[in-house]
Every structure is written in structure tokens, then in C-alpha cells.
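Below is one structure, written out as C-alpha cells, with a few remarks after it.
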Amino acid sequence: MSIGDLRVSAEKHGVLGLLTLRRPAALNALSLDMVQTLTAALDAWAADTTVQVVAIRGEGARAFCAGGDIRAWVAHGPDAALAFLRAEYRLNHQIATYPKPFVALMHGITMGGGAGLSVHARYRIADPGLVFSMPETGIGFIPDIGSSHFLPRCPAGIGLYLALTAARIGQGDTIAAGLADRAVALADFDALLDCLARGEAPARALEAMSCKPGPAPLAAQQSRVAAAFGAPSVEGVLERLDRDGSDFAQATAATIRANAPTSLKLAYCLLQRGATLTLSQCLQQEYDAATRLFLRPDLREGVRAAVIEKDRRPCWQPSVLAAVPDAEIAALAAPAGTQLAFA
């Protein structure tokens, strides 16, 4: 069976429904059509009694999925970008609540929207070459795809660290943060899929193929992360990092200060709220914030600096945390009037 967009294949192999992102030249970045194709396949397979388990993977050696196509967001304007987010967030919720076992095979670059296709899965598999990130505060946006739900539930401030720094972490730290479950080599992905297609239970197949996770250098800094990122504000996090003075703390503070001030304070606000919200409520608050961020200059400037001209020198407006009043963050985070519909 094949459905929809040629950049996504949806095929049945035995009892396995296999989704493959087929846009390797663009690091399998997601378009609206791709999201809609994935949703349609999952809708069909939920009612198909011959499909007992679903898996998703990315084509090519470089990436599972680099996220949404942010070039298209800027090029096509806010309405198109918000249409993409509405479809993407529905898909994120669909994966999280899917009635059949859902297995995400993560390798290489897995960022933003790619995290949304994987973190919400019942089984999250990580190859040693995994590069995981929520990069949004570095491009003038906010961590979304339900991250205000799963990041606050990471251990000891790790989630807030990932949100504010936009840092990249590897397989070991992704597993330590609770954002992946099992370490499996990319070379074994096909064998794992064969086992699933033959009807072997996912947990049993994974037990046989799992290997020891790689190093977790961020987890080794857990006490420092917990101390600094337990502060009551972004400014407080930076103050604690400055007071710590270690090489790790200094590098972390410098990374945060390079990101968009408005995005930093808004991300902090949404993660604090998200700690007590459901996934659907978190997706809704992220969408509400996005409707306003798309009208501001930071996202366009962030995409220019990171993706288009690649000078890595964004000019944020405003450029410092002190110029972002709490009242403005409250306004950005307020309900926006469009209620998302989750199937």
C-alpha cells in the first residue's frame, strides 16, 4: 500500500505498517503534504486489523528528520505556517495516543518536528549516531510539538536546559533524559523491522537487539544542571551559571545569551505551565504562542541567520532579556482564540 506524498511511503510488511520519510536531500524535513500523508496512513491503519504494529524511519544516513521546513514558513507567510502547525500538532497527538504499538527509529539529525514524530511514540529507538535537539530558541521561535509537556518531565532540569540552550545531545544523553528508550545500531534497524513484520512483540524484539548506550556527558553534569535550571527565571538561570563559574557553566551561559531573548522567556513560561498540563493542553498553548510569534521579526531573522545566509549573527528584537517585560510574555502566552481539534 502507498498513500499520498511521494516524499513519504506508507507500506505494509506482514503485520507491520511502515512509514518512511523520503526526503533525504532536505534531511527529511517535513512539509504540510508529508504531515497529511502520515496522518492519513495512521488513520487507515488504526482500523486495519491486519496491521498490529507501526514503525517510522527516515531515509538516508544523515537524518531521521530535521524538523519542519522553516524556509517554507518564512517564504509562505504566517497563514501557511499556522496551517502546518495545526496539522503537525494533530499528528503529534495522534502518535502519542495511537491504539497500536508505535515504534520510532531515530538516527542522525532528529530535531524539532523530528522529535515530535519520535518522542511521543510508545517505543523510541536511538542509533549511536543520533543528534537530538530542540533548536527553536536559537531561531527566534519556541520549542513546540508538545515539548512544553515532555521537557518539564525530563530529570533534574535537563528539559529546560535543552529548551534554553537549543543544544544538541547524543544517544546516551537522549536516553538518560527519557526522550528515547533503547539503543539499537542503525545497521540493525532492518532486522528489527523484519522481526516486527513477522509478528514478534516489540518489547521482545528490542530486548534482543538493544546495545549499551553511548556516553552521556550532559547527564554527568546533572547536579550543575539541576542547581542552575531550578531558578525561578531565565535571568536566575544565568545568574546561577555565572556564579558556578565552571567551564560547563560558562559555555552554557554563553550559549543561552546568544539565543532570542523573547523566545527564551516565553519558552521558560510555557515549560513551567506545561509541567501540570496534559499533552493536548500543551500543544494548544504552543499554538497560541506561535500565532503571535509568526507576526514578530525574530523568527524571520533567526531563519535568515541560521538557514538562508548562515552568518550565525542574528539581530534579535529586543536584543537583551531585560528589555522583554513579563507583561509581554504573558500576552504572548495568552489563549489566542483558535481551538485545536484532536481526533
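FYI, it's all coordinate maths here, none of it is from the lab. Given the structure is predicted, the values throughout are model-derived calculations rather than measurements. Because the Cβ atoms are built from the backbone with ideal geometry, glycine has one as well, and the counts that use them run over all protein chains shown.
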If every Lys and Arg gets +1 and every Asp and Glu gets -1 at its Cβ, then about the Cα centre the stretch 3-60 yields a dipole, in debye to the nearest 20, of 180 debye
In degrees, nearest 10, the alpha-carbon axis of helix 234-244 is tilted away from the dominant principal axis of the alpha carbons of the chain by 80 degrees
Rounded to the nearest 10, the angle in degrees between the Cα long axis of helix 261-274 and the longest principal axis of the Cα atoms of the chain comes to 60 degrees
Row for the stretch 78-124, column shape: gyration tensor on C-alpha, a ≥ b ≥ c, rounded if a/c < 1.5 i.e. under 1.5, prolate if a/b over b/c, else oblate; value oblate
Any residue on another chain or 5+ positions along whose placed amide H is under 5 Å from the amide H of ARG7 is listed here as none
Expressed in nanometres to one decimal, the distance between label points 7 Å along Cα→Cβ at ALA72 and ASP244 is 3.8 nm
GNM on the chain, Cα springs under 10 Å; top mean-square fluctuation among SER148, SER263, SER233 goes to SER233
Ranked from fewest to most other Cβ atoms within 10 Å of their own Cβ, HIS93, HIS13 fall in the order HIS13, HIS93
Taking N as the number of residues in the chain, the ratio of its alpha carbon radius of gyration to 2.2 N^0.38 Å works out to 0.96
Calculated from DSSP helices alone, with each H run of at least 4 adding -39500 (n - 2.57) and the total divided by the residues of the chain, [θ]222 nm to the nearest 500 comes to -13000 deg cm²/dmol
Given unit charges at Cβ for Lys, Arg (+) and Asp, Glu (-), the dipole magnitude of the chain about its Cα centre in debye, nearest 20, is 140 debye
Dividing the mean separation of Cα pairs under 8 Å (6+ apart) by the residue count of the stretch 1-129 yields a relative contact order in percent of 25 percent
Fewest-first ordering of VAL131, VAL119, VAL234 by Cβ atoms within 10 Å yields VAL131, VAL234, VAL119
Loop-resident GluC sites (Glu not before Pro) in the stretch 283-319 with no more than 12 other Cβ atoms inside 10 Å, DSSP not H/G/I/E/B, are GLU309
For the stretch 190-282 the mean separation of alpha carbon contacts under 8 Å (6+ apart) over residue count, i.e. relative contact order in percent, is 15 percent
Counting sequence-distant residues (5 or more places) and residues on other chains, those with an amide H built under 5 Å from that of LEU130 are GLY108, GLN171
By Cβ neighbour count within 10 Å, fewest first, MET111, MET209, MET34, MET106 rank MET209, MET111, MET34, MET106
Expressed in nanometres to one decimal, the distance between label points 7 Å along Cα→Cβ at VAL307 and ALA25 is 1.7 nm
For the chain, longest principal axis from Cα atoms; helix 279-293 axis from its Cα atoms; angle between them, nearest 10 degrees, is 50 degrees
Farthest towards the positive end of the dipole of the stretch 22-106, among PRO99, GLY58, ILE70 and with Cβ unit charges of +1 on Lys and Arg and -1 on Asp and Glu, lies the Cα of GLY58
Gyration tensor (Cα only) of the stretch 1-114 to equivalent ellipsoid, semi-axes in Å sorted down, yields 23, 16, 12
Most fluctuating of ARG304, ARG243, ARG292 in the GNM of the chain (C-alpha, under 10 Å) is ARG243
Here the gain from full extension of CYS211 to ALA61, 0.36 nm per residue of separation minus their alpha-carbon distance, amounts to 52.0 nm
With the 8 Å Cα cutoff and a minimum separation of six or more residues, the chain has a relative contact order in percent of 17 percent
Reduced to Cα centres, the span from the stretch 60-101 to the stretch 266-343 in Å works out to 16 Å
